[in-house]
Structures are given as C-alpha cells and as structure tokens.
Amino acid sequence: MEKKTLLEFEKKCVQEEPPRCQAACPLHLDGRGLCAAVGKGDLAEARRLIEKTLPLPGILARICDAPCRNSCLRMEAGGAIELGALERFCAGSGPFRRLPLLVPRNGRTAAVLGGGIASLTAALDGIKKGYSITLFRSRSEIRQFLLDLSPLLTNTIIDEELDWLEKNGTVLRPFEDGAPPAELSGMFHSVFVGMDDPAAGGYPGLQERHDPITLETSLPGVFAGGDSGSFIERAAAGRRGMKSIERFLQGASLTTSREKEGPFHTRLFTNVEGVAPKPPVPVSTGGYSPEEAAAEAGRCLLCECMECVKHCEFLQHYKGYPKKYAREIYNNLSIVQGTRLANRMINSCALCGQCERICPNGFSMRDLCLGARKEMLLQQKMPPSAHEFALEDMVFSNSPSASLLRPEPGRRETAWLFYPGCRLSGTSPSQVRDAYGFLRNFLEGGVGLWLRCCGAPARWAGREDLFRKEAEETLRIWKSMGSPVIIAACTGCVDVFRRELPEIRVVSLWEVLEKEAMPEEFLKMNGTLAVHDPCTAVDYPEIRRAARSMASRAGIDCEELPMTAELTSCCGYGGLQECANPELGSATASSRCGESSSDYLVYCAMCRTLFARTGKRTVHLLEVLFPAPGKDPLSMPAVSWSDQRENRAGLVRELLGTLWKEESPMPEEHEAIKLVLPEDAGKILETRRILTDTVKRAIRNGENSGRKIARPDGAFATCLKPASVTYWIVYRPLEDGAFEVLNAWSHRMTVPGTEGSLP
Amino acid sequence: MKELLRSFEKYRDWFCVSCGCPMDLKKTDITYLGSQFSLELPVCPECGMVFVPEELATGKMLEVEKILEDK
C-alpha cells in the first residue's frame, strides 16, 4: 500500500478528531477526558489532564471562563456541560503534581513585561523551552494584580504558581527595573509584552501592526498579546507569543501551520439521536460537591464517532476503529521480516460495505481489506489456510459432479436460464427442483437450468486470477446457450454478474415471481417474521422489495430490523469471514440474530445456514414458497458442509435422471462406502471442516492399502492427504460392511511417513 | 510440550496393521512453509508409517502452523 493511499483512508475516519470542547478551547483542554475522569471519580487523572494543558493550573482551572460552552454538543440537549465549574472542582480536590522541569537552559534569553495571566503563561512556556526568563513584575505586584481578577484566587493559590515559576528559573524583578520593549529587545534575545497588564501594554509600538496570528509588533523581536476579556484567551495569547518567540529565535517561519493553535472546527461526528435532554447541575457559590461534579460530568456525551463500529461485530472484535485499522494494515503490508499481526484481521472483514454506508465520510473497510488481501497474495504472504476451504468448495461446485447446464427438457431454445447458485443447491435442493419446475410452467421461450458457482468466493478471497478464470468460463457458457436472461435466486450471484459481467442480463428470482405468479402450494406462515436483507442486496432495492412482496403474499407480516435495506448487517459468511475466522463468523451471526426476538425470514442460503447454526429460528423465502411436505422449516437445523456437497451432487444426479433421462456419471469407488456417524463425531467433522467425502476416501484408502494403525480397542486410524492438508480418521468396521466414524482431525504440516509423504 | 511428547508413550500399544509391529517413538522431521522441526512421533519400525496424534495436530502443531502462516 502506498503511503498516499493510507493517508487517504486515514483522512476519512474522524474518530481521532478532538471533541468540540477541546477544539473550541483556546488552550485545547481535553474536556471529554476530564468529564470521563470526574465521572469515574478519578480526580488525580482529572487534575493530571488539567496540568498537562493549562499553564498556571491552580489559577486557570479556578477562573476559566469556559468559552467551550458555546460549542458543547450537550447544548441542544439540556444545556452545555459546566466545564468551568468542573475544572474549579478539580483544582480544589487535591494538589497538582508540579513535576520538576528537566530542561537544560540553552543560553537564550527573553524578557516578559507584565504581571497578568498572559505574561505568566509566556514566562512558564519560556522556561519549558529552556530560555532564561526575566519577568518584570515583583511577586507583590503580581499578587495584587491577580487578586483583583477574581475572588476565587487567594495569596496561597497565587504563591504556589509563583513558587514553581521561580523554582524553575524564572527571575521576577520589579516593573520599574524594566525598560520600554524597544530597549529590552536590545538586552534580551526576544521580548513578550502581556497586554492584560495596562502598565506594560501602554508602551508605544505595541498596538501598530499587531498580527493576531504571530502577535508580532512593529518592534523587531517584540511580541505582544493578551488584551482580551477572557482569562483563558489571555493565557492562550501568552502561549502563542512564546511560540512565536521560539520560531523567531530559530529563524523559522512565524506563520506556517498555526491554524490549529487557537480554537478550530473539529471534524468529529457524534450521533446525538436518542439523547435525552438533561439540564446542568446548578453551580452554587461554593462550587460543586463531589456528587454534584460526578453528576454534571456524567451528562457529558463523551463525544466520539464509532458509528460504523457500533453495528459491526468485526470492527468491535479488534477493539479499534477504521483509522487505527488502516495504520495496522499498512504496517502489516510493509513487514519484510517478522510477524504479520493483522493478517487475520484483514481476512475477517465481511466486505459487506455497511461501514462505508454508515460513515459520514464513506470510509470503506471493504476497499481497505480487499485491497490488502490482493496485496498479500502478490507478496505471497496470504496464509494458505485462510480461504482454502471455500475455494476448494468453489472448485467442487464447478466440477462435473455438482454443476449442470441443460436447456429445458424437450425444448431447443433457451430464453431463460435458472441459476439457483451453489449455496442454495446445497442447502435446499428440493426447493431448487420445485422452483425450476414452477418457472418452466409459466415462462415462455424455454427455461434452461444452470447449476454453478458464480465465483464469489474467489472474488472475496482477493484471488483475481481464479475469479477471472471463472468469469470468463461463465461468459463463454452463457453465450453458448444463446445469451439467455439469467434468473438468479442468490443476490450474491446477481451482484457478481452485474458488477463483473455486465454483458449478462440477470434478474432476481423474486422479481420474476413477483411479476409473474405465486406458487399455489406455498406455506401459510400467517405471522410476523423479521426480514434480514443479505449484504449482497444492498444495491438492489428492487430485489429487496420483491422479496418482501412475495413474503407478504404468503401471509407474512414483515418486521424491519433496526439495520435494514441498504444498511443491513452481514450474516457472517460474506467476505469469507466465517471461513477465515469461524468464531467471529458465529459471533456476527449471533449478534444479528439478537436484534429481534421474532423468527427471521431470509432470502440468501448462507444467511439461513449461519443463523440456523446459532439456534435462531430462520426460514428461507424459497422454503416458504416451495415447502417440503410435513416439515417446519423454522425448526430445521443448518445443513452441514458435507451435506451441502452431497446435496449438490445429489441434485445433479436426480435432475439428470428425472428431467433429461440421462445416466449420471458412474460414482467413484469410495462413494459406495456407508458411514455411520454418531452425533458427536458429526459435530467434530463440521467444526473441523472435514467432509464425509474425505472420510470415505481416507477409509477406502486405508482399507485398500492396509496402511492403517490399530488402536488397542480394535478401531483403526488412517490418513489421507488429498492436497495440502493431511486428514486423520479413526473408524471402526461394522458387521454390515459400514464404517463407524469415531474421530477425525487434520494438520497442514508435512510429516514424512503419513499418506502421500513417504519416509 | 515435553509432557505432551512423553504422553506419546501410550501409542506403543498401537500397531501398524500392514506390518503387524507395535509403534515405536522416533525422531521425525516435520516441515511447513519452509520451516523444519524435529519431533518424537509414533512410527512403525518396519514401514516407517508415522502417526500424528489428535492432541498434537489440534494443539501445538496448529498453533505453530498459524504462527508460520503469519511470518
């Protein structure tokens, strides 16, 4: 990834932008952090935050006039946070740390003229920069000056600040020891004049050419500021002046990059929808009590964006937000030697695009993660295990065992081609058969059937090479059928065709049914079901509408989930999330299923599978329209990976025989093996993604070759390495010739002496 | 890990069906993505057939596979 690309991504995410109070504060006090600390009762942390930002913390925290109030997002919901009162409470709650300065003097000198807040701030910042500072006002003069500012200040409070200033090298001298700024500039390297001290501000040459950004005056090397009614702005002027002095002494530009020094507009977005109004806790003369302070701090909205994170299990799982992830992914891709910690994260994004649609600036984790996957493949750093299972499944779907292309039985022309999609043929083969029969009944011009995978897994895996190959093959076959209109039952296939093969005219099965006819034998569901839109349908409102329309014709009262239509959440299968990170895929499904207590209606086979696996009562629209007799689809469990494969192959065999009167290809030898699969062994196979087909092949291999190991109890262990993974199966031959499967596991490491790896 | 490898002693009771010999424990070199490790695994002393126990394959071996895949 180019650095420029990273910056473009980063710029879109506003989560790290400061909250409004901090941006509006002339000194940028972190009001959000302060409220969070006070709310938790962590007053030491609150004072640390004040001390970190405010000069003269004991003074300023007590008399801060809080200009941030006008920007507070709470303003519209009860009233702005009383941040000034909270600062005052914190200052009175305990001592500031007053850590000693560890900055060596660097030989530069600066004079500060005046005893007000601007001058004291300038002096303080000056010593922090290593300058030798002489401030022309005596302690008693300063005391008097500050006591007049506010009844909240006392000699003790003022002395504490002055003690620290003096202890750290500031020299205080009476005002009369000083001289006009023009003269002082000859004696010191630079001069700051605090205009909030009338005696200091009265000298000639300070008012003319007074630049509000640099605080330059017409006198070379003399900077002046602080003539404001706001105490906090006076302090900010002192800080700005000393910054200008620093630049002046370094010979640097006085003007560049100073936009964010004073108050600025923050880009942080905070959603205030549903925030209940709450008035501020009234401030009594003595200030807040600890309880009052905690209550007022508790009103703070703790402004942050996190809009996309709130709705995405994946974004929550990695405990960050897109800007942070962009940096992690950039770093991950830049690693030459070492551990690539973000690999799994990159492969866990569902690529559903929900974040992009929620984000005020359109940040797309899909673009980021898919781009990163492609780059990892180019670098040959893609973990082999990440997408292998899904890609092998795609290869199987497009193999002669599971794919099929035929014109309508008894017809030569093909105006339509029903394309149910590989997933649906695996989960609902009888519905695919019935839907095909129904389409043939009312559509004119011949309805062919095409069982195939559209290549979505390769596209999600970032495997451009594989995807292009599948897409070219799809296009070639489609043309060979006379370029018919494809009727796709899966929105994933619709999406792939429309984006990648725009030449192909594709309509959704739901649109065709909506326009043409309603099956007569549909399941009467009379009741409410929550509709979950698949993430692949977000750009197709016409399909979403048609699916709802078919559902309501079946008597279903459709409930809308909070995140629906173009903002829908993925079920956990999209982007091969479930393949690369099964636990997260399951968490994503559970989270989505928890959004409503109603049973769910879906119209994507994978959503059906992932939701049913969590135990959620879920029905696929096709199961409503073409119900299997005597079965309640809502209580049907998810179809296992193995059964999905067998269903696909079984559907091809069944339809070849019944519709086209063709012989199926001879089954392979291992297919004749009968397995007995106890429930626990079945679960092991499913979670470890070991197909019963692999089990049969391994047992056949072990039995034929005799390469098996006998366990003391008479069971056997045998292994098979069909490609990159070695599978171990523990089984027991039964008297009837079947084999009981007891256990199975796999490994990717190559071990000489196992099947396929001779010692 | 040492404890796990010691527990492989129990596989001396298992035997290779084609050779009829009980399994022995023998140093075996295993490889993945260019890295090589040596482990004492149950092996048939006659034909050299190696057994990879479940507790190794789903435990330490899986862990190391993941680490190597992220290198």
If you take just the helices (runs of 4 or more DSSP H) that sit entirely in segment A:1-55, which of them hold at least 2 residues that are in the same structural domain as A:PHE89 (by TED's automatic domain parsing) and in contact with a Cys (Cβ under 9 Å, 6 or more places away or on another chain)?
-> A:20-24, A:31-40, A:43-53
Report whether or not A:GLY462 is touching a strand residue (DSSP E or B) at 6+ places or on another chain (Cβ under 7 Å) and at positive phi.
-> no
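Which members of segment A:700-726 meet the condition of being assigned to a helix (DSSP H, G or I) and either within 21 Å of A:ASP393 (Cα to Cα) or of a type in the set (S, T, N, Q) (or both)? Step through it out loud before you land on a result.
Filtering segment A:700-726 for residues assigned to a helix (DSSP H, G or I) gives A:700-705.
Listed by number, the residues that qualify are A:ASN701, A:ASN704, A:SER705.
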Per the filter on segment B:1-28, residues outside any loop (DSSP other than H, G, I, E, B) and facing another protein chain (nearest Cβ under 7 Å) are B:ASP13, B:PHE15, B:CYS16, B:THR28
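Among the listed residues A:VAL741, A:VAL725, A:VAL730, A:VAL695, identify the single one that is within 9 Å of chain B (Cβ to nearest Cβ), of a type outside the set (Gly, Ala, Ser) and on the phi < 0 side of the Ramachandran plot. Steps first, please.
Details: A:VAL741 fails: within 9 Å of chain B (Cβ to nearest Cβ); A:VAL725 fails: within 9 Å of chain B (Cβ to nearest Cβ); A:VAL695 fails: within 9 Å of chain B (Cβ to nearest Cβ).
From the options A:VAL741, A:VAL725, A:VAL730, A:VAL695, the qualifying one is A:VAL730.
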Of all helices (runs of 4 or more DSSP H) fully inside segment A:432-526, the set with 2 or more residues that are among the charged types (D, E, K, R) is A:464-480, A:491-500, A:509-516
Looking across segment A:297-326 at residues that are charged (D, E, K, R) and in contact with a Gly (Cβ under 9 Å, 6 or more places away or on another chain), the single one that is surrounded by the most Cβ atoms within 10 Å (Cβ to Cβ) is A:GLU313
Every residue from segment A:325-355 that is within 13 Å of A:PHE9 (Cβ to Cβ) and in contact (Cβ under 8 Å) with a residue 40 or more places away in the chain | A:TYR325, A:ALA326, A:ARG327, A:ILE329, A:TYR330, A:LEU333, A:CYS355
Of the candidates A:SER399, A:SER385, A:SER348, A:SER334, the one satisfying the condition of being within 19 Å of the chain's Cα centre (by Cα), hydroxyl-bearing (Ser, Thr, Tyr) and within 24 Å of A:GLU464 (Cα to Cα) is A:SER348
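Could we say that A:THR718 is among the β-branched types (Val, Ile, Thr), over 26 Å from A:GLU583 (Cα atoms) and within 14 Å of chain B (Cβ to nearest Cβ) here?
Criteria met by A:THR718.
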Among residues belonging to segment A:338-394 that are part of a loop (DSSP other than H, G, I, E, B), away from every other protein chain (no Cβ under 11 Å) and aliphatic (A, V, I, L, M), point out the one that is surrounded by the most Cβ atoms within 10 Å (Cβ to Cβ).
-> A:ALA350
Is there any pair with a first residue in segment A:660-676 that is in contact (Cβ under 8 Å) with a residue 40 or more places away in the chain and a second that is surrounded by 11 or more Cβ atoms within 10 Å (Cβ to Cβ) and part of a loop (DSSP other than H, G, I, E, B) whose Cβ atoms are under 7 Å apart and which are 6 or more apart or on different chains, and what are they?
-> A:TRP660/A:PRO409; A:LYS674/A:ALA738; A:LEU675/A:ALA738; A:VAL676/A:LEU734; A:VAL676/A:ALA738
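Results for (1) of a type in the set (Gly, Ala, Ser); (2) more than 16 Å from A:ALA461 (Cβ to Cβ); (3) buried (at least 24 other Cβ atoms within 10 Å of the Cβ), shown as yes or no for each residue.
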site: A:CYS571; (1), (2), (3): no, yes, yes
site: A:CYS579; (1), (2), (3): no, no, no
site: A:SER586; (1), (2), (3): yes, yes, no
site: A:ALA589; (1), (2), (3): yes, yes, yes
site: A:SER596; (1), (2), (3): yes, yes, no
Condition test on A:GLY169, is it in contact (Cβ under 8 Å) with a residue 40 or more places away in the chain and touching an Asp or Glu at 6+ places or on another chain (Cβ under 8 Å)?
-> no
Pairs where the first residue, in segment B:54-71, is within 7 Å of chain A (Cβ to nearest Cβ) and the second is assigned to a helix (DSSP H, G or I) and of a type in the set (S, T, N, Q), C-beta under 9 Å, 6+ apart = B:GLU69/A:ASN343; B:ASP70/A:ASN343
Being aliphatic (A, V, I, L, M), in contact (Cβ under 8 Å) with a residue 40 or more places away in the chain and under 20 Å from A:ASN398 (Cβ atoms) is the filter here, so list the residues in segment A:472-505 that pass it.
-> A:ILE477, A:MET481, A:ILE486, A:ILE487, A:ALA488, A:ALA489, A:VAL494, A:VAL496
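The values are calculated or read from the model by the stated rules, or taken from the named source; none is laboratory data. Keep in mind the model is a prediction, meaning the values are calculated, not measured. Virtual Cβ from ideal backbone geometry, glycine too; neighbours counted across all protein chains shown.
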